[in-house]
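Notes follow once the structure below has been shown.
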Amino acid sequence: MYLCVTGCEHYDGGDRRVYHLNDGGTVEERRSLPEVSRWLCWDNRGHRIYKRSAQSEMRRAAERFKKRFKFV
């Protein structure tokens, strides 16, 4: 399934961004943290996702969204 972002919320002056995905999952980006620990991923039931391949797919969806709408 091709993941895409359906919504984005900004908190703390843009330092924390929450991306909502079309499968019900959520990706949280904390821009003040280093790249390794910057991304947190949850599934549609609110459970953390620890599988690296699923995390990278969710992160790629958020990156495509940022590139498309020119979030820096």
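The values are calculated or read from the model by the stated rules, or taken from the named source; none is laboratory data. On a predicted model such as this, the values are computed, not experimentally measured, just so you know. In this analysis, Cβ positions are derived from the backbone assuming ideal geometry, glycine residues included, and neighbour counts consider all displayed protein chains. Only protein heavy atoms, including side chains, enter the accessible area calculation; ligands, DNA and RNA are left aside. Shrake-Rupley method; radii C 1.70, N 1.55, O 1.52, S 1.80 Å.
Within the range 32-46, the set of residues being part of a loop (DSSP other than H, G, I, E, B), open to solvent by 90 Å² or more (accessible area, probe 1.4 Å) and either β-branched (Val, Ile, Thr) or under 18 Å from Cys8 (Cβ atoms) (or both) comprises just one member, Asn44.
When Val27 is tested against (1) touching a residue at least 24 places away in the same chain (Cβ under 8 Å); (2) more than 15 Å from Phe71 (Cβ to Cβ); (3) aliphatic (A, V, I, L, M); (4) part of a strand (DSSP E or B), only condition (2) is not met. Scanning the range 1-22 for residues that are surrounded by 12 or more Cβ atoms within 10 Å (Cβ to Cβ), at pLDDT 95 or above and among the charged types (D, E, K, R) turns up Arg16, Arg17.
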